[in-house]
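See below for the structure under consideration.
The values are calculated or read from the model by the stated rules, or taken from the named source; none is laboratory data. Bear in mind the structure is a predicted one, so any value in this text is a computation, not a measurement. Positions of Cβ are generated from backbone atoms using ideal geometry, with glycine treated the same way; all protein chains shown enter the neighbour counts.
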Amino acid sequence: MMPPRSIVVLRLGHRAFRDKRITTHVCLTARAFGASGVYISGTRDPSLRSSVEKIVRVWGGGFWVEFVKSPLKAVHDWKASGGCVAHLTMYGLPLGETVLRIPKEKDLLVVVGGEKVPPEYFSLSDFNIAVGSQPHSEVAAIAVFLDRVTGGRWENLKFENAKLRIVASERGKVVEELDK
């Protein structure tokens, strides 16, 4: 299964006082599983962007974080440019039935909420996908979804300009410093 050309996550409703770690984990998971970047709506949080940019400087890749004032406009613009929108929710259609219908030739915007998601996102999305039908973390939903939509290709991703790389080891932590 080939993944979509470009995958970007839209994280709705970031609240700096409450969501700093979870939104950071949304970004790190999206990066590790093959997304190009994350749009974040809600409270503008420079320390969140700084944390993610530090990870990118050390571990490599071209991942980006951008705060958006109007997430609905971001969805409209994405669709107007020919992209596809998948909203991850526990109220959608089952992941296994839906993931194979996502067009591979289109860029993909993956929408995840932090608080209650307004109904407009359900109607604007091309796919409302249930990653399970029980309450759980948006981080878990992104990881499972991106694994499925990329066919597991995230396992072999190479992150350019990395300063560090983890070396597979059955026991122990082996980290290699890369010459740059």
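Return only the number of the condition from (1) buried (at least 20 other Cβ atoms within 10 Å of the Cβ); (2) outside any strand (DSSP E or B); (3) touching a Leu at 6+ places or on another chain (Cβ under 8 Å); (4) in contact (Cβ under 8 Å) with a residue 60 or more places away in the chain that Leu109 does not satisfy.
Status for Leu109: all satisfied but (2).
Hey, can you tell me all the residues within the stretch 63-89 that are out of contact with any helix residue (DSSP H, G or I) (no Cβ under 8 Å at 6 or more places or on another chain) and surrounded by fewer than 16 Cβ atoms within 10 Å (Cβ to Cβ)?
Glu66, Lys69, Ser70, Lys73, Asp77, Ala80, Ser81, Gly82
Looking at (1) at pLDDT 95 or above; (2) touching a Ser or Thr at 6+ places or on another chain (Cβ under 9 Å); (3) among the hydrophobic types (A, V, I, L, M, F, W, C); (4) within 21 Å of Val117 (Cα to Cα), which is the only condition Leu88 fails?
The single condition Leu88 does not satisfy is (2).
Just to be sure before I move on: is Glu66 farther than 14 Å from Ile129 by Cβ, of a type in the set (Asp, Glu), in contact (Cβ under 8 Å) with a residue 12 or more places away in the chain and not in a strand (DSSP E or B) in the structure I sent?
When the stated conditions are applied, Glu66 does not pass them.
Does the stretch 132-146 contain at least one residue that is touching a residue at least 40 places away in the same chain (Cβ under 8 Å), crowded, with 19+ Cβ neighbours inside 10 Å, assigned to a strand (DSSP E or B) and not β-branched (Val, Ile, Thr)?
No, that holds for no residue.
For Leu124, work out the one condition from (1) at pLDDT below 95; (2) more than 23 Å from Lys54 (Cα to Cα); (3) more than 17 Å from the chain's Cα centre (by Cα); (4) not charged (D, E, K, R) it doesn't fulfil.
For Leu124, the failing item is (1).
Select, from Glu138, Glu105, Glu176, the only residue that is of a type in the set (D, E, K, R) and under 24 Å from Arg57 (Cβ atoms). Outline the logic, then answer.
Details: Glu138 fails: under 24 Å from Arg57 (Cβ atoms); Glu105 fails: under 24 Å from Arg57 (Cβ atoms).
Only one candidate qualifies: Glu176.
Would you be able to tell me the number of residues in the stretch 9-33 that are surrounded by fewer than 20 Cβ atoms within 10 Å (Cβ to Cβ) and at pLDDT 95 or above?
2
What are the residues in the stretch 18-32 that are over 8 Å from the mean Cα position of the chain (by Cα) and either of a type in the set (Ser, Thr, Tyr) or farther than 13 Å from Val52 by Cα (or both), if any?
Listed by number, the residues that qualify are Arg18, Asp19, Thr23, Thr24.
Could you check how many residues of the stretch 152-162 are part of a loop (DSSP other than H, G, I, E, B) and within 11 Å of Gly34 (Cα to Cα)? I'd like the intermediate steps shown before the answer.
If we filter the stretch 152-162 for residues that are part of a loop (DSSP other than H, G, I, E, B), which is where we start, we get 152, 157-162.
In the following step, the residues that additionally are within 11 Å of Gly34 (Cα to Cα) were identified as 152, 157-159.
Here the count works out to 4.
Looking at (1) of a type in the set (Gly, Ala, Ser); (2) touching a Cys at 6+ places or on another chain (Cβ under 9 Å); (3) under 25 Å from Gly151 (Cα atoms), which is the one condition that is false for Ser51?
(3) is the only condition that Ser51 fails.
So which of Leu72, Leu48 is at pLDDT below 95, in a helix (DSSP H, G or I) and out of contact with any Gly (no Cβ under 6 Å at 6 or more places or on another chain)? Spell out the reasoning first.
Details: Leu72 fails: at pLDDT below 95.
Checking each option against the conditions leaves just Leu48.
I need the full set of residues from the stretch 1-45 which are polar (S, T, N, Q) and either farther than 28 Å from Thr98 by Cβ or touching a Gly at 6+ places or on another chain (Cβ under 6 Å) (or both), in order please. Don't jump to the end; show me each part of the working.
At the first step, the residues of the stretch 1-45 found to be polar (S, T, N, Q) are 6, 23-24, 29, 36, 41, 43.
Listed by number, the list holds a single entry, Thr43.
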